[in-house]
Amino acid sequence: MSKYWSDFVTQLEPYIPGEQPCTTNIVKLNTNENPYGPSPVAIAAMEAALNQDLRLYPPSKADGLKQVIADYYSLDSNQIFVGNGSDEVLAHVFNGLLKQSAPLLFPDITYSFYTVFCGLYGIDYKVIPLSGDLSIDVADYQQPNGGIIFPNPNAPTGRLLETDSIEQLLKANRDSVIVIDEAYIDFGGQSAVELIDHYPNLLVVQTMSKSRSLAGMRIGYAMGSVELIEGLERVKNSFNSYPLGHLQIAAGIAAFEDKDYFNKTCDRIIKDREELSKDLKQLGFTVLPSAANFVFVHHAQHSAEAMAAYFRGLGIIVRHFKQPRINSFLRITVGTESQNQQLLTAVCEFLK
Ligand SMILES: *Cc1c(COP(=O)(O)O)cnc(C)c1O
């Protein structure tokens with residue numbers, strides 16, 4: 001608290017990110033980063049961009065990056081919006097598209113940044129409880145709204161909603177913007193991008209932080225109808241014309257071009273997720289079906305908080321949310337095979 005703060009700043013409740021420890025010998029399974037590095041092609045592209053051109057502002061429209069994303073998804077480049085991480089993209093989406101007179105709808109258990117953005121932009125919202133099995137039932141969203149947003153797969157549950165259900169939601173809500181936050185879609189889901197042609201109110205948001213292993217570069221993007229994208233450009237150009245620097249643009253383009261590396265690392269993570277899920281089940285955990293690069297688990301006999309603390313003592317960090325309904329769960333990022341093995345060893349020791 002400070003007397004220099006405005007009333008607005010005083011009342012804000014900022015997002016609390018997962019911990020980023022400085023020590024290196026930690027098994028870090030708490031923030032869903034990719035255990036494999038970025039594509040070597042992306043690293044080389046960044047190295048090549050480290051030159052005198054950095055004295056120049058980057059292209060404010062990041063056209064090259066928009067074009068590769070557009071090509072990948074068979075869209076037009078004016079259907080792509082890019083920003084400094086999908087958190088920034090989402091901020092502009094909340095500000096520019098989701099601040100309406102009717103309340104914004106999102107699940108009670110979801111990405112916790114959504115309520116923070118609502119606080120920042122003064123957006124009225126209503127949370128819709130997930131079903132008993134922690135899944136989204138689109139029928140619960142059939143009520144007056146100024147927009148709907150949720151991640152698919154949802155975070156932190158990992159549960160996937162099929163494209164049919166998303167289409168049902170779009171059909172029932174043609175007058176408000178529906179935002180699907182696909183931060184984890186590459187780990188086993190089908191993107192809603194294919195519906196964009198038919199639904200001008202659909203916005204799909206993705207990030208290069210998870211499946212493309214570039215969390216440290218901060219690159220996010222949104223895809224939708226030209227009118228939605230134009231609205232976002234208006235907000236962005238009233239805030240920061242150059243959200244992506246030369247290195248980010250170079251990395252992003254290369255990461256999309258290196259399809260082999262992308263497919264190989266995603267496949268590996270999916271395979272290891274299934275392995276980890278199976279092993280945790282054998283140790284007595286309930287594991288929600290996950291289409292993401294993490295698993296959401298609980299053990300009927302043991303406190304999640306106590307387990308997280310025990311793992312931490314062994315240098316393994318996982319995420320526990322002190323939140324009603326999911327207090328007894330842990331969210332564990334799928335790491336390398338060796339990291340997953342270390343986690344399983346720690347679990348066995350704890351259960352002994
Ligand atoms: C990680 C994540 C983001 C943020 O991604 P950045 O591009 O790194 O800002 C957004 N939404 C969800 C659901 C996420 O898990």
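The values are calculated or read from the model by the stated rules, or taken from the named source; none is laboratory data. All figures in this text were calculated on a predicted structure; none of them were measured in a lab. Backbone-built Cβ (ideal geometry, glycine too); neighbour counts: all protein chains shown. These accessible areas exclude ligands, DNA and RNA; they are computed on the full protein's heavy atoms, side chains included. Shrake-Rupley method; radii C 1.70, N 1.55, O 1.52, S 1.80 Å.
Between GLN168 and GLN190, the simple label model (points 7 Å from Cα in the Cβ direction) yields a spacing of 1.5 nm. Using the Cβ of ALA304 as centre and a radius below 13 Å, the other residues enclosed give a net charge of +4, where K and R count +1 and D and E count -1. Derived scalar couplings between HN and Hα for the stretch 104-112 equal 6, 10, 8, x, 5, 10, 6, 4, 6 Hz in order, rounded to whole Hz, by the Karplus curve 6.51 cos²θ - 1.76 cosθ + 1.60 (θ = phi - 60°), x for Gly and Pro. Residues whose amide H falls under 5 Å from that of PHE150, counting only those 5 or more places apart or on a different chain, are VAL179, ASP181, with hydrogens built in the peptide plane. Annotation for LYS3 and LYS264: the two label points, set 7 Å from Cα along the Cα-Cβ direction, are 6.2 nm apart. A full extension of the chain between ASN240 and ASN25 corresponds to an added length of 73.7 nm, given 0.36 nm per residue minus the alpha carbon distance.
Under the criterion of Cα pairs below 8 Å and six or more residues apart, the relative contact order for the stretch 195-352 equals 15 percent. In straight-distance terms, cross-link reach from LYS171 covers every one of the aspartates and glutamates whose alpha-carbon lies under 17 Å from its own, apart from those fewer than eight places away in the same chain; here that gives ASP137, ASP140, GLU162, GLU194, ASP197. With all protein chains in place and a 1.4 Å probe, the accessible surface of the chain carries 51 percent carbon and sulfur.
Computed from backbone phi with θ = phi - 60° and the Karplus coefficients 6.51, -1.76 and 1.60, the 3J(HN,Hα) list for the stretch 343-352 is 5, 4, 4, 5, 4, 4, 4, 5, 6, 5 Hz; x is used for glycine and proline. Accessible area per residue for the stretch 22-73, computed on protein heavy atoms with a 1.4 Å probe, is 59 Å².
So, counting K/R as plus one and D/E as minus one, what does the shell of residues with Cβ under 15 Å around GLN342 add up to? Neighbourhood net charge equals -3. Which shape class, rounded, prolate or oblate, goes with the stretch 280-352 when its Cα gyration tensor gives a ≥ b ≥ c as root eigenvalues, a/c under 1.5 marks rounded, and past that a/b bigger than b/c marks prolate? Taking the square roots of the gyration eigenvalues as a ≥ b ≥ c, the stretch 280-352 is rounded. Relative contact order, whole percent, for the chain stands at 23, derived from Cα pairs under 8 Å and 6 or more residues apart.
Between the alpha-carbon centers of the stretch 8-61 and the stretch 91-113, tell me the distance in whole angstrom. Taking the Cα centre of each part, the stretch 8-61 and the stretch 91-113 sit 25 Å apart. For the chain, the spherically averaged projection of the C-alpha convex hull amounts to 18.8 nm².
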